[in-house]
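Inspection log for the structure reproduced underneath, given as structure tokens.
Nothing in this text is a laboratory measurement; each read-out follows from the coordinates by a stated rule. Everything quoted here is computed from the prediction, not taken from an experiment. As a convention, Cβ positions derive from the backbone with ideal geometry for all residues, glycine included, and neighbour counts pool all protein chains shown.
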Amino acid sequence: MEPLDRSTVWPYDERGEPRDFYYQRFGNPTVAAAEAALEKLDGGTALLFPSGAGATTALVLSLLEPGDTIALAGGGYYGTGVTFAALERWGVRVVEFDQTGPPPDGVQLVWLEAPSNPYLTMPNLAAAVAHPAPVVVDATVATPVHLRPLEHGADFAFHSATKYLAGHDDTLLGAVVCRDEAVAEELRTFRGRTGIVAAPDPAWLLLRGLKTLELRVRRQTETAAFLAQRLRAHPAIETVRYPGLGGVLSFDVADADVARKVETSTRVIVNATSLGGVTSLIESRRRWEGERVPPGLLRLSAGLEDPETLWADLEQALG
Ligand SMILES: *Cc1c(COP(=O)(O)O)cnc(C)c1O
């Protein structure tokens, strides 16, 4: 493994000049090693942040001016809209749009999600990159195993590395991978000045997690596809959403009470928020998103357990 270097300070060279690393806020070797590993997966120039939400904040404040508008994919990760709403006081405006079609005119940033969580729609990347504004693709759920947004013309690939990239529910991190080196340098400078920086310990756990990313995501995708197929054939399920890639699916039971019964009746699948870890998780999204989602919507993140065991668990909970 790459070493874990927790230093906050490194000595200047013999001429009294700073070396590559001199103060942790401006860069450290463990974070740099994790960023290099991400660049191998996504292309471009990678920058790590202390969380996905921290990466969102840094990217928006670094790119936009007061009065600028973000076109945000509707039905995507609830927290992204919450973060943008917290920035409204500083003049950030947001309009939601249907990401399966083109973004609206007159916006300065386009924010897509591949696939959106929990509605699991895929963005129309060709329509978005034809728009003059820079395009961010939150590919947290797809991961670079299924989608490399920069190859499709996006300006930024975005990840909550807390999810699949780190992969074990023990690391909070965000990542932005930039197509343009000069834009990445501006974001790096902004990150150092504002202090929205990742620490070495989570970066080291990310490095470890990335070594098994492909194996985990391929298996989780197979399991999610299998569970989606079984759920579609189940009489108690009204709708199943699965885009054919990734380890997350969502489905609707009759109402909020049934959803609460199902999520509290599983024995293997844990009733908790988040996604992308080795343990399967289920939760009703209504508790967080309110009217934005159907009352009976359950989101399921497939882990690495035996698929038949997971199906048996779901079936008994649905019963
Ligand atoms: C979790 C998540 C985020 C936010 O990331 P944190 O690491 O929790 O701050 C952003 N986008 C998506 C799609 C997520 O699932």
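Tabulated data
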item	result
Any chance Leu41 is touching a residue at least 60 places away in the same chain (Cβ under 8 Å), among the aliphatic types (A, V, I, L, M), within 16 Å of the ligand (Cβ to nearest atom) and in contact with a Leu (Cβ under 8 Å, 6 or more places away or on another chain)	no
Conditions (1) among the acidic types (Asp, Glu); (2) more than 30 Å from Pro29 (Cβ to Cβ); (3) within 13 Å of the ligand (Cβ to nearest atom); number of the one not met by Asp98	(3)
Selection from the stretch 269-296 of residues that are over 29 Å from Arg148 (Cβ atoms), part of a loop (DSSP other than H, G, I, E, B) and free of Cβ contacts under 8 Å to residues at least 40 places away in the same chain	Ala272
Wholly enclosed helices (runs of 4 or more DSSP H) of the stretch 161-268 bearing at least 3 residues buried (at least 23 other Cβ atoms within 10 Å of the Cβ)	200-210, 213-232
Of all residues in the stretch 59-106 being out of contact with any strand residue (DSSP E or B) (no Cβ under 8 Å at 6 or more places or on another chain), of a type in the set (Gly, Ala, Ser) and free of Cβ contacts under 8 Å to residues at least 40 places away in the same chain, the one that is nearest to Pro134 (Cα to Cα)	Gly101
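Residues are listed down the side, and each one gets a yes or a no for (1) of a type in the set (A, V, I, L, M, F, W, C); (2) more than 10 Å from the ligand (Cβ to nearest atom); (3) over 18 Å from the mean Cα position of the chain (by Cα):
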site	(1), (2), (3)
Gly106	no, yes, yes
Ala128	yes, yes, yes
Pro149	no, yes, no
Ala157	yes, yes, no
Tyr164	no, no, no
His168	no, yes, no
